[in-house]
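Chemist: Questions regarding the structure given below will be posed in turn.
The values are calculated or read from the model by the stated rules, or taken from the named source; none is laboratory data. Not measured: the values here are computed from a predicted model. For neighbour counting, all protein chains shown are included, and Cβ atoms are generated from backbone atoms with ideal geometry for every residue, glycine included.
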Amino acid sequence: MVGTRSKNGWVVWFTFLIGLLLSVWPMPQFMEVFRPLWLALLLAFWTLALPHKIGMTTAFLLGLAEDVLYGTLLGQNALVLTLITFLVLSLQQRLRMFPMWQQSLVILVVFGLAQLVQLWLSALTGNRQPTLALIWPAVTSALLWPWISYGLRGLRRRLSIN
């Protein structure tokens, strides 16, 4: 059997680059607590769409890049993104069958758990006072999930990314 060659795989990595840039893009101070988890959203979509190409290694490397951008403890965001990818991969067959509103609820739970792990790690390292305001990015990301999913699905079909 002849192996299939990756077609337009650069688009996936370009979206990850955009996600990294959006993660550090300046926002007004009062909106900072609601900043969506851009990289996690993109990673969750591409993990669902291309589970044979995008996995936990990709999540770990992107998390290390995010750690360098944020200046946090090296491996903190890598652990969180790897956890998100693991949960999405383990729920992949169910998530594909769910309607969009149920997918958003599952994304809310997965990102909420990841944010609680982030809160726990921040409290352990002494970087931040423990606060449950860290859950708001998960809510914002879950609300953005349908638009991100439909947009990237259309891009995937148009460019026939496999």
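Chemist: Tally up the residues in the stretch 123-149 that are free of Cβ contacts under 8 Å to residues at least 24 places away in the same chain and either closer than 16 Å to Phe45 by Cβ or assigned to a helix (DSSP H, G or I) (or both), please.
Modeler: First, pick out the residues of the stretch 123-149 that are free of Cβ contacts under 8 Å to residues at least 24 places away in the same chain: 123-124, 126, 128-132, 134-135, 147.
If we keep only those that are either closer than 16 Å to Phe45 by Cβ or assigned to a helix (DSSP H, G or I) (or both) as well, we get 123-124, 132, 134-135, 147.
Final tally of qualifying residues: 6.
Chemist: Go through (1) out of contact with any helix residue (DSSP H, G or I) (no Cβ under 6 Å at 6 or more places or on another chain); (2) surrounded by 14 or more Cβ atoms within 10 Å (Cβ to Cβ) one by one and return the number of the condition Pro36 breaks.
Modeler: Failed condition: (1).
Chemist: State whether the residues of the stretch 22-37 include one that is at pLDDT 95 or above and over 15 Å from Pro137 (Cβ atoms).
Modeler: There is no residue in the stretch 22-37 that is at pLDDT 95 or above and over 15 Å from Pro137 (Cβ atoms).
Chemist: Is it the case that Gly151 is small (Gly, Ala, Ser) and either more than 23 Å from Val33 (Cα to Cα) or surrounded by fewer than 19 Cβ atoms within 10 Å (Cβ to Cβ) (or both)?
Modeler: Yes, satisfied.
Chemist: Within the stretch 54-88, restricting attention to residues that are in contact with a helix residue (DSSP H, G or I) (Cβ under 7 Å, 6 or more places away or on another chain) and not in a helix (DSSP H, G or I), which residue is surrounded by the fewest Cβ atoms within 10 Å (Cβ to Cβ)?
Modeler: Leu74
Chemist: In the stretch 110-131, is there at least one residue being buried (at least 18 other Cβ atoms within 10 Å of the Cβ), closer than 20 Å to Val12 by Cα and not aromatic (Phe, Trp, Tyr)?
Modeler: no
Chemist: Additional query: Checking Arg96 against (1) of a type in the set (Lys, Arg); (2) part of a helix (DSSP H, G or I); (3) surrounded by 14 or more Cβ atoms within 10 Å (Cβ to Cβ), only one condition comes out false. Which one?
Modeler: Of everything listed in (1) of a type in the set (Lys, Arg); (2) part of a helix (DSSP H, G or I); (3) surrounded by 14 or more Cβ atoms within 10 Å (Cβ to Cβ), Arg96 misses just condition (3).
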